[in-house]
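K.L.:
I am attaching a structure below and will ask some questions about it afterwards.
The values are calculated or read from the model by the stated rules, or taken from the named source; none is laboratory data. Remember, it's a predicted structure, so these values are computed and weren't measured experimentally. Using ideal geometry, Cβ is built from the backbone for each residue, glycine included, and neighbour counts are taken over all protein chains shown.
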Amino acid sequence: MKWIFNSTPLIYLSKVSLSWIFEELESEKTITKTVYLEVVAKGKEKGEIDAFMIDELIKKGVFEVAEIEPIGWLRSVKELHRGEIEVLSLAKEKNGVAIVDDSIAREMGEILGVEVYGTLYLIFLMLRRGKIDKRTAIYKVNEMIKKGFRLSVEVYSEFLKLLGGVNYEN
């Protein structure tokens with residue numbers, strides 16, 4: 001499996017000290033040049049700790065940074081950012097999995113025939129592997145939300161339901 005990451009999963013998992021998840025994922029992990037510039041270059045200018053964490057993972061070889069010529073018609077989808085367009089294009093080219101949270105980007109991925117998941121999927125994956133427990137998963141998602149991670153009430157409710165009615169008071 002080849003993992004292609006957009007900015008949001010990189011930023012928010014790092015902000016809540018879950019960047020170790022990236023190292024747990026088997027296979028190739030890639031970010032595009034635009035995502036690198038957005039997360040690492042701009043983030044470091046702002047002094048964002050997550051930018052330094054992702055940069056370290058790149059230096060360790062966890063992520064490779066790739067350039068991609070985007071699929072032409074995707075550029076005309078005004079609701080997509082350049083990073084999302086590149087992530088979807090690279091996932092299509094490499095027959096990889098796009099990790100994006102934006103609902104329009106996910107819909108476009110489905111249209112392209114690209115397997116698409118979001119940040120919560122990675123948390124569930126670690127939960128299933130026994131690397132994180134339910135209480136910690138809920139706590140970390142709540143922390144991500146406090147730090148600006150956008151999640152609809154419906155998605156958050158479904159997340160809690162999928163965890164099986166755990167007491168999530170902290």
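K.L.:
Does Lys134 satisfy the condition of being exposed (fewer than 14 other Cβ atoms within 10 Å of the Cβ) and in contact (Cβ under 8 Å) with a residue 24 or more places away in the chain?
P.N.:
Against the criterion (exposed (fewer than 14 other Cβ atoms within 10 Å of the Cβ) and in contact (Cβ under 8 Å) with a residue 24 or more places away in the chain), Lys134 does not qualify.
K.L.:
Could you pull out every one of the strands (runs of 3 or more DSSP E) wholly within segment 1-115 that has 3 or more residues that are touching a residue at least 40 places away in the same chain (Cβ under 8 Å) and under 21 Å from Ile145 (Cα atoms)?
P.N.:
Output list is empty.
K.L.:
Collect the residues in segment 137-157 that are more than 17 Å from Phe5 (Cβ to Cβ) and surrounded by 13 or more Cβ atoms within 10 Å (Cβ to Cβ), keeping them in residue-number order.
P.N.:
Matches in segment 137-157: Ala137, Ile138, Tyr139, Lys140, Val141, Asn142, Glu143, Ile145, Leu151, Val155, Tyr156.
Residues are listed down the side, and each one gets a yes or a no for (1) under 23 Å from Lys15 (Cα atoms); (2) at pLDDT below 95; (3) aliphatic (A, V, I, L, M):
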site	(1), (2), (3)
Phe52	yes, no, no
Glu64	yes, no, no
Ile68	no, yes, yes
Ser76	no, yes, no
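K.L.:
Please tell me if Met126 is under 18 Å from the mean Cα position of the chain (by Cα) and within 23 Å of Thr34 (Cβ to Cβ).
P.N.:
Here the answer is no, as Met126 does not meet what is asked.
K.L.:
Can you tell me which residue in segment 78-131 is surrounded by the most Cβ atoms within 10 Å (Cβ to Cβ), limited to those that are touching a helix residue (DSSP H, G or I) at 6+ places or on another chain (Cβ under 9 Å) and of a type in the set (Lys, Arg)?
P.N.:
Residue satisfying both the conditions and the ranking: Lys92.
K.L.:
Give me the pairs: first residue in segment 143-169 and over 12 Å from Thr119 (Cβ atoms), second residue modelled with pLDDT under 90 and surrounded by 11 or more Cβ atoms within 10 Å (Cβ to Cβ), beta-carbon distance under 8 Å, and six or more apart or on different chains, which are they?
P.N.:
Correct list of pairs: Leu160/Val166; Leu160/Tyr168.
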